[in-house]
Amino acid sequence: MRPSGRKIDELRSISIEAGVMTHAEGSCLIRMGGTHVLCSATIEDKPPPFLKNTGLGWVTAEYGMLPRATTSRTKREAVSGKQGGRTQEIQRLIGRSLRAGVDRSALGERQIVVDCDVIQADGGTRCAAITGGWVALRLAVNRLLSAGVITSDPIVDHVAAVSCGIYAGVPVLDLDYAEDSVAGTDGNFVMTGKGRLIEVQMSAEGATFSRQEMLDLLELAAAGNAALVDAQRRAVGG
């Protein structure tokens, strides 16, 4: 029995509220159970220097966690003057994932920065950030299209992510913190709307896993990501 009482293939409750920020070109608040992430997308009219005069655009991400997103207060990274390794790794993952769903030549020489701020954490924050980040990105691109700044849609597919793991010896979908903290195997699966893989992060936490267990987790992830893509579609209106 899972701590939450969910079935092994059951996602936590999910909601994506679009357009929650007045000034951002695209924004949403995604809630996956007890994990809540505020995502915003900002359009910058010039690309990063390494892409100047290439005709290509760029999508990047920044990630952060509010001090009381967890059960005890975490000091702001700005106070220490540098980002931690975990934060850097997560925001690079978010950027890589979102770029996989974008035709950068159609975006043109501009950059879209997706900010993902964890308001409350209960496991799977990076996955929620990717899923919500795509919604913010989609809304920002819609603004470029409606204004006639670009004429071809640079977003080629949805991008969503979900965690899976082996809890109490059983493969389960969408780990919350109670499961993630003791899971024998933990994995994050980033996929497109068509079900193609963008990135898989898996590791054994004190107990190795078999090839069949890996395939079982992949099947759970595919079903979970399909449900997340449906939620994205509802959030952006189709």
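When the residues of the range 1-30 are filtered to those that are aliphatic (A, V, I, L, M) and in a strand (DSSP E or B), which remaining residue is surrounded by the fewest Cβ atoms within 10 Å (Cβ to Cβ)? Steps first, please.
Looking only at the range 1-30, we keep the residues that are aliphatic (A, V, I, L, M), and these are 1, 8, 11, 14, 16, 18, 20-21, 24, 29-30.
Add one more test, that the residue is in a strand (DSSP E or B), and what stays is 14, 16, 18, 29-30.
Working: I14: 22, I16: 24, A18: 20, L29: 22, I30: 30.
Ranking the candidates gives A18 first.
Would you point out which residue out of A160, A178, A147 is modelled with pLDDT of 95 or more and closer than 18 Å to R99 by Cβ? Break it down stepwise before answering.
On the way: A178 fails: closer than 18 Å to R99 by Cβ; A147 fails: closer than 18 Å to R99 by Cβ.
Exactly one residue qualifies, and that residue is A160.
Looking only at the range 42-95, count every residue that is under 20 Å from G108 (Cα atoms) and out of contact with any Cys (no Cβ under 9 Å at 6 or more places or on another chain) and tell me the total.
Going through the range 42-95, the residues under 20 Å from G108 (Cα atoms) turn out to be 42-61, 95.
Checking the rest, the ones that are also out of contact with any Cys (no Cβ under 9 Å at 6 or more places or on another chain) come to 42-60, 95.
So the count comes out to 20.
So, G133, is that one in a loop (DSSP other than H, G, I, E, B), closer than 21 Å to V190 by Cβ and at pLDDT 95 or above or not?
Details: in a loop (DSSP other than H, G, I, E, B): no; closer than 21 Å to V190 by Cβ: yes; at pLDDT 95 or above: yes.
Spelling it out, it is not the case that G133 is in a loop (DSSP other than H, G, I, E, B), closer than 21 Å to V190 by Cβ and at pLDDT 95 or above.
Given the conditions (1) part of a strand (DSSP E or B); (2) among the charged types (D, E, K, R); (3) without any contact (Cβ under 8 Å) to a residue 40 or more places away in the chain, report the number of the one that E199 does not fulfil.
(3)
Pairs only if they're at least six apart or on different chains, beta carbon under 8 angstrom, first in the range 1-14 and small (G, A, S), second assigned to a loop (DSSP other than H, G, I, E, B) and surrounded by 15 or more Cβ atoms within 10 Å (Cβ to Cβ); list them, first residue then second.
S4/R12; S4/G33; S4/D176; S13/G33
When the residues of the range 181-202 are narrowed to those that are modelled with pLDDT under 95 and out of contact with any strand residue (DSSP E or B) (no Cβ under 6 Å at 6 or more places or on another chain), which ends up surrounded by the most Cβ atoms within 10 Å (Cβ to Cβ)?
The selected residue is V182.
So, in the range 31-72, how many residues would count as being assigned to a loop (DSSP other than H, G, I, E, B), of a type in the set (A, V, I, L, M) and farther than 22 Å from D117 by Cα? Explain how you work it out, then say what you get.
To start, the set of residues in the range 31-72 that are assigned to a loop (DSSP other than H, G, I, E, B) comprises 33-34, 45-48, 52-57, 66-72.
Now restrict to residues that are of a type in the set (A, V, I, L, M): 56, 66, 69.
If we keep only those that are farther than 22 Å from D117 by Cα as well, we get 56.
Residues in the range 31-72 being assigned to a loop (DSSP other than H, G, I, E, B), of a type in the set (A, V, I, L, M) and farther than 22 Å from D117 by Cα: 1 in total.
Return the residue satisfying two criteria in turn: it lies in the range 106-159 and is in contact with a Ser or Thr (Cβ under 6 Å, 6 or more places away or on another chain) and without any contact (Cβ under 8 Å) to a residue 60 or more places away in the chain, and of such residues it is farthest from A178 (Cα to Cα). Give the steps one after another, and end with the answer.
The initial filter retains those residues of the range 106-159 that are in contact with a Ser or Thr (Cβ under 6 Å, 6 or more places away or on another chain), namely 106, 113, 115, 118, 121-122, 124-125, 127-128, 130, 136, 157, 159.
Still in the list and also without any contact (Cβ under 8 Å) to a residue 60 or more places away in the chain: 106, 157.
Numbers: A106: 43, D157: 32 Å.
That would be A106.
The values are calculated or read from the model by the stated rules, or taken from the named source; none is laboratory data. Bear in mind the structure is a predicted one, so any value in this text is a computation, not a measurement. Reconstructed Cβ throughout: ideal geometry from the backbone, glycine too, with neighbour counts over all protein chains shown.
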